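*Asks:* A single structure is presented below for examination.
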Amino acid sequence: MFLWAAALLFGAFGLNVAMGAFGNAAFLDGVGEMLLLLVAVITFVVATLRSEAARKNGKR
């Protein structure tokens, strides 16, 4: 679940960057981009740590 959320957030970040670069129509400002990327990285780290914990416990 966290991995899908991270992928969705990274996708939104990438879309915002692409729209700002090519169409000059970014929907987030600099602070919004930073916060979106921060949340995406945090969810990715949570997904990675949960996966490692599950692997360590023999659940996967």
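*Asks:* Pairs only if they're at least six apart or on different chains, beta carbon under 7 angstrom, first in the range 1-16 and under 9 Å from ALA40 (Cα atoms), second basic (Lys, Arg) and at pLDDT 95 or above; list them, first residue then second.
*Replies:* Within 7 Å, no pair qualifies.
*Asks:* Separate question: Just give me the residues in the range 7-31 being of a type outside the set (D, E, K, R) and not in a helix (DSSP H, G or I), in sequence order.
*Replies:* ASN24, ALA25, ALA26, PHE27, LEU28
The values are calculated or read from the model by the stated rules, or taken from the named source; none is laboratory data. Note that the structure is predicted; figures quoted are calculated from it, not measured. Ideal geometry is used to build each Cβ from the backbone, glycine not excepted, and the neighbour counts take in all protein chains shown.
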